[in-house]
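I have placed the structure first, in the form of structure tokens, so that the comments after it can refer back to it.
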Amino acid sequence: MPSPSFNWQRPQWPAFSFARSALKDELAAFARAFREAKKALREPQDPLFVARALASEAVTTSAIEGVEVDEAVVMSSICRALGVPGAAPTAARDAASEGAARMVLAVREDRAAPLSAALLRRWHGLLMEGDARGVRAGAFRDAPVRVVSVDRFGEMQTRFEAPPPERVPEEIERFVSVWNAAPAETPADIALKAAFLHPHFESIHPFEDGNGRVGRALVAKVLAEGLDHPVALPVSTFVSRHRRAYYDELHAASLSLDWTSWAGFFVPVLAELLEGFVSAARFVAAKRDYLARHEASFSPRARKVVLRMFEDGEAGAKAGLSAAKWTRMAKVSKPTATRDLAELVQAGALVPTGDGPQVRYLLNHPAFTPGREPIDGINDGINDAIERLVRNHPGRGVPFFLASAKASRATVERAVRALVRAGRIEHRGSRKTGGYFPVSSTAPDASPPSTASR
């Protein structure tokens, strides 16, 4: 008798295993990011920021599955539901867009609700209501699911097969029982619960369509429940950044009950998304603080330009202004731009830097001026070690850092991401042959080292 191909066909299912010792660095990084997220949530959340975060999640989780939704319709639906001004009303009717908005709102509302088959069916019903293809909204599938691929010789191979439909209700009840009993008291517990319930759910594949979107919503629910806050987390945004690896690791997990490799991939993604949330929350708080200090001194023209800078997020706020840039954004003459900027410097809203034609004007707030502040979440000097390597060996990549920094790949990659976010290093060139350089350095004339040399 041939051995089982898929995890659910094995007699131990759903009792998966993993090597916790192999995840030490990943869990420690998640714990640091989790604590920073808890701190960020002590501050009041901006309602428009929450609405935009929910809309972004709805659009991105749909895009991962190849489903196009109208962002304007999604944003309008979410703002209307939350009572938030800020999105233009739209007369468009789009079932997919409205369903995506309904589901992310329900996930936020159901943060503290016990996991149940009814909750899963409700989310699916909200997502798929009015689906033009006739998907049965809120109902478990009644047909087999098999994904096949064709190799270069024309041979068909089954890449994924879900349990037969008659097993789905029983499998979901067991899924609910397992995860309602799973511990979620420490950050590590929360990380592992969020990571492992995802391949469990995807292996069952209980619905005709929408399983990926519901599965990622479950991850968001576990994290929000752990944070004890109805927070809008960018789960799908960060999954989409690693889309190919995400599907490859999920496929590998469907063939095995050793999920160490899956956790080694997904826990850092969870840490990264929490870091992204913290960064965005801090930006919103800094924007609010800056405007509270300086908006009273703005002319209508200045207010329009500064708010336009904030629309581009943290990068836009840190980019600063020049007379030429002000001329373009405000649509005024250069003498008028120079006068406007001088008035804002006099009022303390801008800080000039540089001399002569190179002078730039930065928003006068610690969050928007380049500095050398410590980078949150990185300890043991790893940030300094990586930055020193970049300075001494510009153009190198992560493999070189791994050989020199004496740290795990997860730790090194996390340090590199944080240094890029902090504006200390930047990547130049293609993903294959490019490398990292100090931000202050100029790009060399020569091509970066080859992949083999790094």
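The values are calculated or read from the model by the stated rules, or taken from the named source; none is laboratory data. Here the structure is a predicted model, which means the values were calculated and not measured. Reconstructed Cβ throughout: ideal geometry from the backbone, glycine too, with neighbour counts over all protein chains shown.
Given the structure, is Ala443 in a loop (DSSP other than H, G, I, E, B), among the hydrophobic types (A, V, I, L, M, F, W, C), at pLDDT below 80 and not assigned by TED's automatic domain parsing to the domain that holds Ala33? For Ala443, the condition - in a loop (DSSP other than H, G, I, E, B), among the hydrophobic types (A, V, I, L, M, F, W, C), at pLDDT below 80 and not assigned by TED's automatic domain parsing to the domain that holds Ala33 - is met. Residue count for segment 141-166, restricted to those that are surrounded by fewer than 16 Cβ atoms within 10 Å (Cβ to Cβ) and in a loop (DSSP other than H, G, I, E, B): 9.
Checking the structure you have, find out if any residue of segment 389-407 is more than 30 Å from Ser297 (Cα to Cα), surrounded by fewer than 15 Cβ atoms within 10 Å (Cβ to Cβ) and at pLDDT below 80. Within segment 389-407, one or more residues are more than 30 Å from Ser297 (Cα to Cα), surrounded by fewer than 15 Cβ atoms within 10 Å (Cβ to Cβ) and at pLDDT below 80.
Candidates are the residues of segment 15-43 that are more than 19 Å from the chain's Cα centre (by Cα) and outside any helix (DSSP H, G or I); the one that is modelled with the lowest pLDDT is Glu43. The residues in segment 373-388 that are buried (at least 19 other Cβ atoms within 10 Å of the Cβ), modelled with pLDDT of 70 or more and either more than 17 Å from Gly435 (Cβ to Cβ) or among the aliphatic types (A, V, I, L, M) (or both) can be counted, and the count is 3.
Scanning segment 179-195 for residues that are β-branched (Val, Ile, Thr) and surrounded by 16 or more Cβ atoms within 10 Å (Cβ to Cβ) yields a single hit, Ile190.
For Val231, the test of being within 27 Å of Glu129 (Cα to Cα), modelled with pLDDT under 95 and not polar (S, T, N, Q) is passed.
Taking segment 131-184 as the range and being under 30 Å from Glu225 (Cα atoms) and of a type in the set (S, T, N, Q) as the test, the residues that pass are Ser177, Asn180.
Residues in segment 33-70 that are of a type in the set (A, V, I, L, M, F, W, C), surrounded by fewer than 17 Cβ atoms within 10 Å (Cβ to Cβ) and within 17 Å of Gly313 (Cα to Cα): Leu48 alone.
Residues of segment 348-359 that are β-branched (Val, Ile, Thr) and assigned to a helix (DSSP H, G or I): none at all.
Set side by side, the residues Lys318, Lys325 differ, and just one is touching a Gly at 6+ places or on another chain (Cβ under 9 Å) and surrounded by 15 or more Cβ atoms within 10 Å (Cβ to Cβ), which is Lys318. Taken together, Val135, Val69, Val104 contain a single residue that is over 25 Å from Ser254 (Cβ atoms), among the aliphatic types (A, V, I, L, M) and assigned to a loop (DSSP other than H, G, I, E, B), which is Val69.
Condition (residue is in contact with an Asp or Glu (Cβ under 6 Å, 6 or more places away or on another chain) and among the charged types (D, E, K, R)) applied to segment 104-125: is it met by at least one residue? Within segment 104-125, one or more residues are in contact with an Asp or Glu (Cβ under 6 Å, 6 or more places away or on another chain) and among the charged types (D, E, K, R). When segment 122-140 is filtered for residues that are within 30 Å of the chain's Cα centre (by Cα) and either exposed (fewer than 10 other Cβ atoms within 10 Å of the Cβ) or not assigned by TED's automatic domain parsing to the domain that holds Glu98 (or both), the ones remaining, listed by number, are Ala132, Arg133. Residues of segment 180-206 that are assigned to a loop (DSSP other than H, G, I, E, B), of a type in the set (A, V, I, L, M, F, W, C) and within 22 Å of Ser256 (Cα to Cα): Ala182 alone.
The residues of segment 37-61 that are within 14 Å of Phe283 (Cβ to Cβ) and of a type in the set (D, E, K, R), listed by number, are Glu43, Asp46, Arg52. One residue stands out among those in segment 358-372 that are surrounded by fewer than 17 Cβ atoms within 10 Å (Cβ to Cβ) and farther than 22 Å from Gly276 by Cα: the one that is modelled with the lowest pLDDT, which is Gln358.
Table: residues versus (1) over 28 Å from Ser240 (Cα atoms); (2) modelled with pLDDT under 95; (3) not aromatic (Phe, Trp, Tyr).
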| position | (1), (2), (3) |
| --- | --- |
| Glu155 | yes, yes, yes |
| Pro164 | yes, no, yes |
| Ile172 | no, no, yes |
| Glu202 | no, no, yes |
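Within segment 282-289, not a single residue is under 17 Å from Glu26 (Cα atoms) and β-branched (Val, Ile, Thr). Restricting the first member to segment 29-44 and to residues that are in contact (Cβ under 8 Å) with a residue 60 or more places away in the chain, and the second to residues that are β-branched (Val, Ile, Thr) and not in a loop (DSSP other than H, G, I, E, B), the beta-carbon pairs closer than 6 Å and six or more apart or on different chains are Phe30/Val267; Glu36/Val278; Ala37/Val278; Ala40/Val278.
The one condition from (1) assigned to a loop (DSSP other than H, G, I, E, B); (2) surrounded by 16 or more Cβ atoms within 10 Å (Cβ to Cβ); (3) at pLDDT 95 or above that Gln12 does not meet is (2).
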